[in-house]
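Chemist: Sharing a structure here in structure tokens format.
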Amino acid sequence: MVRLKFSIALDYEITEPGCDFIFNIHAAQTQAQVIVSESLTLSQPLLTTMYVDPVLYTRFLRLKANSGPLSVHYDAVVDINHQTAEADLISEVPVAHLPGPVLPYLYPSRYCPSDRLHRLAVNEFGGLYQGYSRVQAIRDWVTSRVKFQSNSSNGNTTAIDTLVDRVGVCRDFAHLMIALCRAVNIPARFATGIDYGADPILGPTDFHAYVEVYLGDRWYIFDASGAAIPMGFVRFGTGHDAADCAFATLFGGVRGAAPVIHIEAIPNSQGVLVEPHHVPYGLSTDGQWQRF
């Protein structure tokens, strides 16, 4: 079991009174990711509310802030007990047998226009063995063709743009992989959080976007950017694409600074320090679906 301790500091200057914020910076509580402790500190005395998505476990913090500076500080310790499976034993699920809540992740979405990539995906991946290895091949294809480049995309960049420009940040890699998976009838969704073990050459620790693909009886983790270690992901939110789980959504006049994030592995409840590392098998932090 991996135990990770992290902190997130966000600073804003609010230029209008009564600005609304929706944050997605709390660790999700799932069957495999358990919150040991957490705390939230605000520099303004504000009333906050929390909404937890009953299916995806995403936790949304809502508040209305006053004019002036606002600092948001979140600290947490989480235990991650990954579900694992041998890659060769993880199969794809025929559309007819997919659980109902999984079906929406077959369809095109705002940043993942999978219908426009159908021909490409079939040509590249249609003839491959239908299982975990095919999803890994899609992931490798994206990683090898897109270069990680900071500030190379914006809120309008779709998977098509990333395919053409061949540069992007983690969310762009994730969108392209998701779109290609959906184009060959593999359910895929967008996940956000932070990660331990990212390549320092990419700069300070930041929020991270990755991919969860439905195979066998659960959602498995893939890092399309190739820059991080999936075992070190702390999951915050999931959705169809980035439109569903931004770390902060702001309504009003606000200026923000870059987030300051720290994360470290610490000894777990048995006193054992488990450093996240790359593994050759499938990893999941999501519960098992029951199919009837």
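Readers should treat all values here as calculations from the given coordinates under stated rules, not as data from a laboratory. It should be emphasised that the depicted structure is a prediction, and the values quoted were computed from it without experimental measurement. Because the Cβ atoms are built from the backbone with ideal geometry, glycine has one as well, and the counts that use them run over all protein chains shown.
Chemist: I'm told Val184 meets every condition in (1) more than 17 Å from Asp244 (Cβ to Cβ); (2) buried (at least 24 other Cβ atoms within 10 Å of the Cβ); (3) β-branched (Val, Ile, Thr) except one. Can you identify the failing condition by its number?
Modeler: For Val184, the failing item is (2).
The rows are residues; the columns are (1) part of a strand (DSSP E or B); (2) over 24 Å from Glu86 (Cα atoms).
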{"residue": "Asn123", "(1), (2)": "no, yes"}
{"residue": "Gly155", "(1), (2)": "no, yes"}
{"residue": "Thr162", "(1), (2)": "no, yes"}
{"residue": "Leu176", "(1), (2)": "no, yes"}
{"residue": "Leu180", "(1), (2)": "no, no"}
{"residue": "Ala191", "(1), (2)": "yes, no"}
{"residue": "Ile201", "(1), (2)": "no, yes"}
{"residue": "Thr205", "(1), (2)": "no, yes"}
{"residue": "Tyr210", "(1), (2)": "yes, no"}
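Chemist: With Val102, Val169 as the choices, which residue is buried (at least 20 other Cβ atoms within 10 Å of the Cβ) and within 22 Å of Ala209 (Cβ to Cβ)?
Modeler: Val169
Chemist: Scan the stretch 30-54 residue by residue and report those that are surrounded by 13 or more Cβ atoms within 10 Å (Cβ to Cβ) and under 21 Å from His262 (Cβ atoms).
Modeler: Once the filter is applied, which keeps residues that are surrounded by 13 or more Cβ atoms within 10 Å (Cβ to Cβ) and under 21 Å from His262 (Cβ atoms), the stretch 30-54 yields Gln33, Val34, Ile35, Val36, Glu38, Leu40, Leu42, Ser43.
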